[in-house]
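Step one of this worksheet: look at the structure below.
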Amino acid sequence: MEASYKFGPYKIDAREVFHATPLSYAMVNLRPLLPGNVLVCPKREVKRFADLSSDETSDLWVTAKEVGVRLEQYHKASSLTFAIQDGPQAGQTVPHVHIHVIPRKKGDFEKNDEIYDAIDVKERELKEKLDLDIERKDRSMEEMAHEANDQVIREFQNSDDLWLTWLNLLHGSMLMVLIAVVCL
């Protein structure tokens, strides 16, 4: 039986999901801001970050870290942006906690922090008219399923479960709202 996923009020096709743990899942983005822009979400529908349990918080961030490492390698990026918009005034348009994981390359934005403005603008436009600008078009289910199914991205599903368990224990009390990781 194929797993079912929800993202706020929306049903997510399992073909869009490329990684899942007991508490979280990672899915491709319908309208990515940059190539490789994915979302990591708790399986339980939770509107605000503070409402996640400690286990959900830990699992969400460990999952985002694991996904980010693989995406950075796959997209030959040099950095990652991890971003949460927590509540409507922060730009959250879907009432379900999610972390944007975005592989970054030199020059993808003229000024590095412009990405946060771009996320806010695009999310606001989506909420207001459910239609982002011309540059960010919906992708087909086939295109998203292909990305989610890509063996390079899926490779971490076969990673050592013992290592992931260790990371979950190590990061059990981790609480972050926004982080930008730069790999040297």
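List of remarks:
- When each of Lys111, Lys11 is tested for being more than 18 Å from Asn149 (Cα to Cα), free of Cβ contacts under 8 Å to residues at least 40 places away in the same chain, in a loop (DSSP other than H, G, I, E, B) and not hydroxyl-bearing (Ser, Thr, Tyr), the lone residue that passes is Lys111.
- Filter result (of a type in the set (Ser, Thr, Tyr) and outside any loop (DSSP other than H, G, I, E, B)) within segment 14-42: Ser24, Tyr25
- Scope segment 125-146; condition modelled with pLDDT under 65 and either surrounded by 14 or more Cβ atoms within 10 Å (Cβ to Cβ) or among the aliphatic types (A, V, I, L, M) (or both); matching residues: Glu125, Leu126, Leu130, Leu132, Ile134, Arg136
- Exclusive hit being in a loop (DSSP other than H, G, I, E, B), out of contact with any Lys or Arg (no Cβ under 9 Å at 6 or more places or on another chain) and polar (S, T, N, Q), set Gln89, Gln85: Gln85
- When the test is whether a residue is aliphatic (A, V, I, L, M), more than 15 Å from Pro32 (Cα to Cα), at pLDDT 95 or above and in contact with a helix residue (DSSP H, G or I) (Cβ under 8 Å, 6 or more places away or on another chain), Val67 passes it.
- Output for segment 13-35, where each listed residue is among the polar types (S, T, N, Q) and either over 11 Å from the mean Cα position of the chain (by Cα) or at pLDDT 90 or above (or both): Thr21, Ser24
- Residues in segment 60-80 that are closer than 26 Å to Lys11 by Cα and β-branched (Val, Ile, Thr): Val62, Thr63, Val67.
The values are calculated or read from the model by the stated rules, or taken from the named source; none is laboratory data. What you see is a predicted model, and the numbers here were worked out from it, not measured in a lab. Don't worry about glycine lacking a Cβ; one is built from the backbone with ideal geometry, like all the others, and counts go over all protein chains shown.
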